[in-house]
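Reading through the structure tokens given below for one structure.
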Protein chains: 2
Amino acid sequence: MGMSPKRLVVVGGVAGGASAAARARRLCENCQIIIFERGPHVSFANCGLPYFVGGEIAEQDELLVQTPGSLKTRFNLDVRVNTEVLSIDRQARRVKVRESSGREYEEHYDALVLSTGASPLKPPIPGIDRQNHFTVRNIPDVEKIMNWSRGCERCRAVVVGGGYIGLEMAEQLRHRNFRVTVVEALPQVMAPLDPEMAAWLHAELRANNVDLHLNDPVAAFEAPTAAEPARASIVVLKSGRRLPADSVILGLGVKPEVGLAKNAGLEIGQRGGIRVNEHLQTNDPRIWAVGDAIEVRDVVTGQWSLIPLAGPANRQGRIVADNIFGRPRRYDGTLGTAILRLFKLSAGCTGANEKCLQKAGRAYHALHLHPNSHAGYYPGAEPIALKILFAPDTGRLLGAQAVGRDGVDKRIDVLATALKAGMTMNDLAELELAYAPPYGSAKDPVNLAGMAAQNVLAGDVRLAHWHELPVGDAVLLDVRRADERAQSFIPGSVHIPLDQLRFRLNELPRDKEIIVHCLSGQRSYYACRVLSQYGFRCRNLTGSYRTWQAVKS
Amino acid sequence: MGMSPKRLVVVGGVAGGASAAARARRLCENCQIIIFERGPHVSFANCGLPYFVGGEIAEQDELLVQTPGSLKTRFNLDVRVNTEVLSIDRQARRVKVRESSGREYEEHYDALVLSTGASPLKPPIPGIDRQNHFTVRNIPDVEKIMNWSRGCERCRAVVVGGGYIGLEMAEQLRHRNFRVTVVEALPQVMAPLDPEMAAWLHAELRANNVDLHLNDPVAAFEAPTAAEPARASIVVLKSGRRLPADSVILGLGVKPEVGLAKNAGLEIGQRGGIRVNEHLQTNDPRIWAVGDAIEVRDVVTGQWSLIPLAGPANRQGRIVADNIFGRPRRYDGTLGTAILRLFKLSAGCTGANEKCLQKAGRAYHALHLHPNSHAGYYPGAEPIALKILFAPDTGRLLGAQAVGRDGVDKRIDVLATALKAGMTMNDLAELELAYAPPYGSAKDPVNLAGMAAQNVLAGDVRLAHWHELPVGDAVLLDVRRADERAQSFIPGSVHIPLDQLRFRLNELPRDKEIIVHCLSGQRSYYACRVLSQYGFRCRNLTGSYRTWQAVKS
């Protein structure tokens, strides 16, 4: 706009809305800035809610990053909680609001920011609104859960949906020693991960005594009969299984709250979010929108997407304020970088996964590694299951996923930075990361990923994948040591330890493809280099035994 | 070269040399590859040596990443340990070697890789070679230290030099409950850090009962008299202080081992390392060089530098093998990314520091922040002292330093990746890093650094620096809360809490500059925005009370 609006109105006082308002004040000391918030709280720590339920965050006040009072004294913001914006009159540039008392009034704006967020999905499953069914979206939600749980000993909670909120709640309820079941309609939890990566989470849930039902959607929530020991519902799955529940946590995802925008005639995208341009401006140049309510460009696929994450929302708020006050700034899209802690595991991802790339019709290579979180010779190193997706033509990084007990967040953040920079796998091989034995290795996992990809791109090795097993007519060759093989092996494989390979080449056929594996894929790569140079046709099973075992178990 | 050499000879079997040889085998199964190693071990974990002394790494064998035998069976490498290369006949393409038995012979090469490493600096200080004076460079060195230390209870070790090795040794010897003194000639330890960042390490050393003498070089190592309770030496400092020592650890840095190269007429750079081109080739096209022995381009300043680090050495080895076998690859220079663990602190850096930039005559802004390692509302968050250097014209990142108890390695790796990618501070503000409460914040420390820099670049705030205190004619304004001020404050400051600032502007002068500080610099930035918009002249004390306190204590 170039001009300085006299009055900025923000709808929604969490994350993006609060960020926009606070930044606006720093750019314009004498503007009037009003935040309307439907709920009782502004700027609360949405992402902390499960940890409050689990007791890791002890006091509810800790969730309140700001209050209406603190925003007033610090930023001179006029925050009006428990006040719903009913409609926007774009012609007159006025919003109509209703207080909890029922009083309605209008306010004029020069610029309007919509940060209306998203609301929990509640599909029309019979009985979904029964008592002690909870969503986890705001502080009143968790107050209800706390009230329920205080009266419970070893209560049974059924978590419906294996996404971030569902799994975090499962973990936190287990911390409180509740009996926890997770029910997921898809064959895997955590849709942002590919199935072989999600498999690690399945094992972790089961190891922590979470009852897990995959590929089995909820058919109905029924009232318990006298014979069924449940205080809330019987969760009936499509398979017919009946799960007694003292409470049900609904973690089925969220949908953008676009009613206000839609009724005002603002453009809504195909994915159901508010459509904005690169300056986060709606089709009304006086109205901007941020956060979970908007569609964003997926950086890798270029497609409009709904990616409800706190980080992007906060940054969008700041960008919108800059744009409103005459400092043009672009929002360049979202990578979808995210992370979950699940008991002792961390699972993170950034960019596109294999499922997305297939859907988008994009060519890619997929690479699995299991490097140590730090130097193997220093105590406490843990393997990281690392998946890297990259473009066969340019070698550009397209996406990454990592699961492990240590060092996952660091590698995902490095890869997210590389992705943002448009780096290639050559660049990853040449990253210069901080090495001392407690922190990493002279060749960091990210370097190793780059080097392994260089080998693929140079044609030095071809890859086979876990989903190609069993290998049919090919020979599956295990090059691990004898003691490793003695513990367990992939059925149908033949065994020649790597260190004997050069002397036993005559045991291998020259008329068949040889798929080589070891524990993680590194020794089998060495084996492939030997075999190729002696004229054998071979491929390296990427991720090798570890990835195969994760999927099979 | 384009051709495939028949015989590759590698001088030096650690890090870069071992990497080059192993990679060479994968590219050429039927070449002859010979490694000559002067010492008894190849491919050992140099960076793990202090942790073996301290007992964190229990077994010496764990330091042996590879052995001559394992390199033979796995990679068919001909490894000849205890064999010194005496000279290179470049004309005949032969090296002359001597075994420990005294036998001398020659070997022909088609390509030669020099990975001769670096040796500990031993300046001509009287008595420097006395008994129980140790360097920490290889396994025989630490064997000597272990032999000495086994007979000791509460022995006194004097560590000379406060670099990586010196400080790691100080920590590890304290773990074994020895009495430890660190002596440093400069006014600070850890030269890669700027002084106000090194100050955190000084405090950590003292908190862990390490006796620290800064700015006081060793004048002599004297024999103890009967009255002086020391078994090795009396370390006499320039100040006259006499430190009794049962052993002395010499951590004075290293110098590249270039004798072989020099005698063969290969070009040596001004910094005393072997000079190589971007393909890591010496001025003899048949001879390549890698690792601590070479000079590399500092990526930020463009200057030739000696940066002896394991990560670059390993990657250089791989690049050299690729180049030798006809796959042209460039080494793009070194950032100097490094990290130190010192008791509970981690201290990391990447790129240029302020001292370097001044020396190179480069313009820069320096920014200090103290963000939390993860969301403040989730338990266990620790502040990170973060210093960022960036270019005033382009906004490009030039360097970063971080010290703290948690999350330092992650932020340094993200910043090292950003630096490698040539990112600007705008890019840092827009990085999309993984956020969940145990790992980070919706605005990660790196984002916050980017945003704070944007404010500087946009002219929204001007910075003041710790070294400008006391502020002379200006007013130093403390905007912290009353309870924070009650604990301690910077002498000469006046106090108006941020939340009262808008109502107490009349207490501030309009004819003087106002330097504003809070605890970390965020609230004082808010204060500056208020003051600027009301027409006051002000600057924000970057890093604020925390940085000032670190330096003063």
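The values are calculated or read from the model by the stated rules, or taken from the named source; none is laboratory data. No experiment lies behind these values; they were computed from the predicted model shown. Neighbour counts are summed over all protein chains in view; Cβ atoms, including those assigned to glycine, are modelled from backbone coordinates with ideal geometry. Note: accessible area is taken over every heavy atom of the protein model, side chains too, but ligands, DNA and RNA are not part of it. Shrake-Rupley method; radii C 1.70, N 1.55, O 1.52, S 1.80 Å.
Observations on the structure shown:
- Top-ranked residue of the stretch A:47-64 - restricted to ones that are facing chain B (nearest Cβ under 7 Å) and over 13 Å from residue A:140 (Cα atoms), ranked as surrounded by the most Cβ atoms within 10 Å (Cβ to Cβ): A:51
- Meets criteria (touching a residue at least 60 places away in the same chain (Cβ under 8 Å) and not charged (D, E, K, R)) for residue A:68: no
- Yes/no for residue B:185 being under 25 Å from residue B:367 (Cα atoms) and open to solvent by 40 Å² or more (accessible area, probe 1.4 Å): no
- Criterion (more than 13 Å from every other protein chain (Cβ to nearest Cβ) and either in contact with an Asp or Glu (Cβ under 6 Å, 6 or more places away or on another chain) or charged (D, E, K, R) (or both)) met by exactly one of B:529, B:481, B:485: B:485
- For the residues B:13, B:39, the requirement of being assigned to a loop (DSSP other than H, G, I, E, B), in contact (Cβ under 8 Å) with a residue 40 or more places away in the chain, under 30 Å from residue B:174 (Cβ atoms) and open to solvent by less than 30 Å² (accessible area, probe 1.4 Å) singles out B:39.
- Any chance residue B:351 is more than 12 Å from residue B:403 (Cα to Cα) and modelled with pLDDT under 95: no
- Flag if residue B:323 is of a type in the set (S, T, N, Q), more than 30 Å from residue B:159 (Cβ to Cβ) and touching a Leu at 6+ places or on another chain (Cβ under 7 Å): yes
- Of the set (1) within 12 Å of chain B (Cβ to nearest Cβ); (2) surrounded by fewer than 24 Cβ atoms within 10 Å (Cβ to Cβ); (3) among the charged types (D, E, K, R), all apply to residue A:432 but (2).
- Residues (touching a Cys at 6+ places or on another chain (Cβ under 9 Å) and either open to solvent by 50 Å² or more (accessible area, probe 1.4 Å) or not in a loop (DSSP other than H, G, I, E, B) (or both)) located in the stretch B:483-522: B:484, B:498, B:514, B:515, B:516
- For the stretch B:334-355, the set of residues classified as away from chain A (no Cβ under 14 Å) and surrounded by fewer than 23 Cβ atoms within 10 Å (Cβ to Cβ) consists of B:354, B:355, listed by residue number.
- All told, residue B:240 falls short of being without any contact (Cβ under 8 Å) to a residue 60 or more places away in the chain and crowded, with 21+ Cβ neighbours inside 10 Å.
- Test for residue A:231: is it under 30 Å from residue A:88 (Cβ atoms) and open to solvent by 20 Å² or more (accessible area, probe 1.4 Å): no
- Across the stretch B:282-317, the qualifying residues are those that are of a type in the set (S, T, N, Q) and within 12 Å of chain A (Cβ to nearest Cβ), and the one among them that is surrounded by the fewest Cβ atoms within 10 Å (Cβ to Cβ) is B:314.
- In the set B:459, B:450, B:492, B:440, only one residue is more than 8 Å from every other protein chain (Cβ to nearest Cβ) and either basic (Lys, Arg) or within 27 Å of residue B:192 (Cβ to Cβ) (or both); that residue is B:450.
- Single residue of the stretch B:532-553 satisfying the filter (more than 10 Å from chain A (Cβ to nearest Cβ) and out of contact with any strand residue (DSSP E or B) (no Cβ under 9 Å at 6 or more places or on another chain)) that is modelled with the lowest pLDDT: B:553
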